[in-house]
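Derivation of every value follows stated rules applied to the coordinates shown; laboratory data play no part. Just so you know, these numbers come straight off a predicted model, no measurement behind them. FYI the Cβ positions are ideal-geometry reconstructions off the backbone, even for glycines, and counts take in every protein chain you see.
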């Protein structure tokens, strides 16, 4: 993917300024930041849930050993 130079960034900024107006840019940026924050929080919670599931498998007590076989009677 090509890098954006200073000229391209300036054109993009001017286009955003024309589309949204000077008063709306801070609101748009704030909403974008809140959306990114919520997305990061949700992904962090999902990865924490996955790691908890992998770290602590349910413990099961082993079954007791079977009794020894009975010896045949001797006469």
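Here are some notes:
- Cα long-axis angle, helix 6-20 against the chain (0 to 90 degrees, to the nearest 10): 80 degrees
- Working note: 222 nm ellipticity from helices only, DSSP H runs with n ≥ 4, each -39,500 (n - 2.57), summed and divided by the residues of the chain, gives -21500 deg cm²/dmol to the nearest 500.
- Shape analysis of the chain places it in the prolate category; the axes a ≥ b ≥ c from the Cα gyration tensor give an a/c of at least 1.5, with a/b above b/c.
- Label-point separation, residue 11 to residue 50 (7 Å along Cα→Cβ), nm: 3.9 nm
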